[in-house]
1. Just tell me how shielded A:258-271 is by partners: mean number of partner chain Cβ atoms within 10 Å of each residue's Cβ, no decimals.
2. Quick one: helix B:35-45 against the long Cα principal axis of chain B, what's the angle to the nearest 10°, folded into 0 to 90?
3. By per-residue mean of other Cβ atoms within 10 Å, what is the highest-first order of C:228-238, B:28-38?
4. Counting only residues 5 or more places away or on other chains, whose amide H sits under 5 Å from the amide H of residue D:181 once H atoms are built in the peptide plane?
5. Students often get this wrong: which residues of the range B:257-284 have the backbone nitrogen under 13 Å from the point 7 angstrom along Cα-to-C-beta of residue D:177?
6. Straight-line reach from residue A:148: which lysines have a Cα under 21 Å away, not including same-chain ones fewer than 8 places off?
7. Residue A:181: net charge of surrounding residues, Cβ under 13 Å, Lys/Arg +1, Asp/Glu -1, itself excluded?
8. Could you state, as a whole-number percent, how many of the C-alpha pairs of chain D are farther apart than 35 Å?
There are 4 protein chains.
Amino acid sequence: MKRIDNFKSIIDKYEIIFFDAFGVIKTYQGLVPGIERTFEYLEAKGKEYYIVTNDASRSPVELAEAYHKYGLNVISADRIISSGMLTKEYLDLQVQDGIVAYLGTPASSHYIDSTGLHTLPVSAINNNNIDKVSAMIFLDDEGFDWFKDLNKTVNILRKRTIPVIVANTDRAYPMSVQDVQIAIGGIASMIENIVGKKFIRFGKPDSQMFMFAYDLIREYRPVNKKEIVMVGDTLQTDILGGNKFGLDTVLVLSGNTLAKDVDTRITATGIMPTYICDSAVVGSGDLGF
Amino acid sequence: MKRIDNFKSIIDKYEIIFFDAFGVIKTYQGLVPGIERTFEYLEAKGKEYYIVTNDASRSPVELAEAYHKYGLNVISADRIISSGMLTKEYLDLQVQDGIVAYLGTPASSHYIDSTGLHTLPVSAINNNNIDKVSAMIFLDDEGFDWFKDLNKTVNILRKRTIPVIVANTDRAYPMSVQDVQIAIGGIASMIENIVGKKFIRFGKPDSQMFMFAYDLIREYRPVNKKEIVMVGDTLQTDILGGNKFGLDTVLVLSGNTLAKDVDTRITATGIMPTYICDSAVVGSGDLGF
Amino acid sequence: MKRIDNFKSIIDKYEIIFFDAFGVIKTYQGLVPGIERTFEYLEAKGKEYYIVTNDASRSPVELAEAYHKYGLNVISADRIISSGMLTKEYLDLQVQDGIVAYLGTPASSHYIDSTGLHTLPVSAINNNNIDKVSAMIFLDDEGFDWFKDLNKTVNILRKRTIPVIVANTDRAYPMSVQDVQIAIGGIASMIENIVGKKFIRFGKPDSQMFMFAYDLIREYRPVNKKEIVMVGDTLQTDILGGNKFGLDTVLVLSGNTLAKDVDTRITATGIMPTYICDSAVVGSGDLGF
Amino acid sequence: MKRIDNFKSIIDKYEIIFFDAFGVIKTYQGLVPGIERTFEYLEAKGKEYYIVTNDASRSPVELAEAYHKYGLNVISADRIISSGMLTKEYLDLQVQDGIVAYLGTPASSHYIDSTGLHTLPVSAINNNNIDKVSAMIFLDDEGFDWFKDLNKTVNILRKRTIPVIVANTDRAYPMSVQDVQIAIGGIASMIENIVGKKFIRFGKPDSQMFMFAYDLIREYRPVNKKEIVMVGDTLQTDILGGNKFGLDTVLVLSGNTLAKDVDTRITATGIMPTYICDSAVVGSGDLGF
């Protein structure tokens, strides 16, 4: 484990960089200041990069558009690997017909819908269609009435033995410098405990997220895990997951993990990044490549 | 472990009977048919009885009134031991001043309020009064906006290091023959996991509930645990809790545990009642005492 | 929550003091230096005191003898409340006959044996007597072959539906300034997960420990919870348990909780002692009462 | 979910068959009777097959030799994917030097050793070499003194912040028709709880096991997940893991899951195989291909 002052020197050692989104590239306030220089440098050096995110609330196209609005035009949809994509792949492979009931916004389901399956919000499930429900997916913490629809979800799952997919494993996510919001992953754990069934979770630290990105790259060129580094702000998801998959990792201190806590947290959890770096920002003086 | 056909024969062996409420005396449809004969018999024989319930949604007086509405007039408030009473005792002993923030209906807080503490619903906590919040209590799953107030609760507990009391340990409760509803105990577990702090739980199977009832009796007469039997419909709360406290127990099959599942569940959990009985109803032919 | 320099000033506010043993009165090196002055002061002032300990490895008589060997002669067996005593009470009330199989040393079982029940170490259970096993107790991490007897315990519990009592809830305990040892509570949790059954746990933070002590006092004089203070070195057991029972609490920094970590741990766990004090030692200058 | 009488008809639908080992091909008594016909049929039809096993106690070469001893000569080492192979890959990628301390038999470590890393049993770690320990691996429940070496492991992990790999996620495994034995996965969970650190687990249901097998196939030919079926006897590992990876699955009733329990367990866990079949044996009359 090495402390590195200069994120550029890390980029120089690897061919492919995986970035977590929240806390690394953006925060609740917008882009991490200076992060556009990092992508400028990556492009200049011909390095590949992917954003590997536990965000199933929108499609990769919509996630990319959000970066463009912030002015980070370089990030295209095909650079984004989301837990929603794994959910979509699962449904394609394992759910042939029937209704996929979901918790989330219409936008979050729209993406899944496009596979040809019929999706319906939990609020639209009733005695007439409950027997056709063939899967349940947890996509986003917004877009539904928590009291009505969470109680309804429990009762649907008591009546139907169907696969349940949780497309975001996070328990909470930051809303402002001091507030967090309960994520759909936290809600899903509560319901899993109540109904006593086993849900399927996609999202870091699960290695299937990293495998999905790794496979995308291998479709057009050979790759070795030693060429890839995972950059993230959270020990339990980005660093643990990347490390378990066999990747080198960089913990950045621009998000979830604060500089003052980093040593205590690493010792307490035993999760060790390969490098620790203040942020994923390439210094403004470093661009005279 | 013995199967007993005749609940009367169990009453005859003990001096004091503790009853769970839901699934034993009443269900979502009203009183368990014939249960009034049980109380008639208890009164005739001079046996003592208490209702020991994980219901903190109302005061004992209001809980008793609900029985009276159903026609079970014999049950007075002083026969009811609720997890709300332990919450009240805790606040009396350990919280001197400040605001007690709560999740629940106004009715649920009214009872706590009467101790002289100032209670406020989570929805009324804001930047001006958050520093005065000296305890948080989870009372009932109704009476608040789940989305707004659960997220707010998480953020209050991230900012304030205060005791948090969960006055109902159940995760879900029955609403109809086929549906359940998420209980405040299930919600509290989700929030406890998110904030990573340790909450204080009152309610069966915790022995403090049984101790509270036991102490009430000892105030006016000596008592031995061998004279008491606990009657309940749930292995994990009524039977485990009663047994751990040293009481004999009766599992009745009129609620949570169905006759067809009882053997499997006892073997699977290892929780063994002293007796198993169809219900807590004394047969109509048995009253010719 | 107040930091107090002078343990004597805490004693002066209460009538009855409950002490944890390990980390408060003694450590792996012997008595906490100066602790004899605390008991001298308690005796002089006519205060009552009890040692409330999760130690089921020996009887109260043997535990008291260990203090005498160290020179703390004032502590008699009737001052010691152990989780072993609750185990004994449980067996007296709930297990009438058969064999009580145990994991622990012969000394740990000797105490239980004296109730008239027949105890046998797990190593002595075989096909001829397994059907007579009516309870299993976890007493101590020593006195048996871990490989043989833990595997045997799993298989006994898969074949017999019987109450299982864990008489020590700790997961590990200190052996030296730098080493800990796995406690029987940690082993019991592993076996509980493997067999999927529900074990009965006695020991702090469970309130039954405090209730037992409280009841002993009430046998000879009336008492109010406000007159008692619990002194311990561990937030999760001594402080959480005492606080939940309604007692004021003192966290001392002579054992499990180090001075440098105390603020972080209180914030992280949300478990708040009434007072924090360096140790339970009364200053040598304070005895000129 | 379909019940299928004829395992041959399942083979006919897929190009590649993944088999769990224990409970599918062999039991504690030797080979599942008739299983050799299944492999005869696979060979005759030119189907590919792999054994995907949570067994890290020996190398694939040694595991294959064990099948040969039983007379199943067709299974070669390159057909076997074990959680030990993932452990080896992890060490190759992430641990450059130092000592890898292990719990298990010398045979289990021999395989890891061959990567060039220096392995030492926990019993050989002492004050002179502890600072060089760069990883800890849990390989097998045999080959060490449980009391001494488990306590030692706890203390090594309290002193060293290093990656910890659990190469077998099972909690227990069958030893005879009625007895099980605690597996290294169960022991590892106990130690993980005591030290409070996060261990890395390889083995089903984790998708990295399936990915490893999938990647091996892709090295020499293109493959689609729809061409593969996973055959196993355990819902929580084989079926959940295969299903999550996107594979069709067959639950066989020759091992962990008994015919009488299968419906209850599927409903209780919500884990649904694509097919249920008595065993993986091709009928003796079916070989007239």
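Nothing in this text is a laboratory measurement; each read-out follows from the coordinates by a stated rule. Since the model is a prediction, treat every value here as computed from it, not as a measurement. Note: ideal-geometry Cβ built from the backbone for every residue, glycine included; neighbour counts use all protein chains shown.
1. Numbers: counts 0, 0, 0, 1, 0, 1, 2, 0, 1, 3, 6, 4, 14, 5.
Mean partner-chain Cβ count within 10 Å for A:258-271: 3.
2. Once rounded, the angle reads 70 degrees.
3. Working: C:228-238: 25.6, B:28-38: 15.9.
With the highest mean Cβ count within 10 Å placed first, the list reads C:228-238, B:28-38.
4. Residues meeting the amide H criterion: D:173, D:175.
5. none
6. Partners within reach: A:132, A:159, A:197, B:148, B:152.
7. Counting the neighbours of residue A:181, the net charge comes to -2.
8. Numbers: 8406 of 41616 pairs.
Result for the distance tail: 20 percent.
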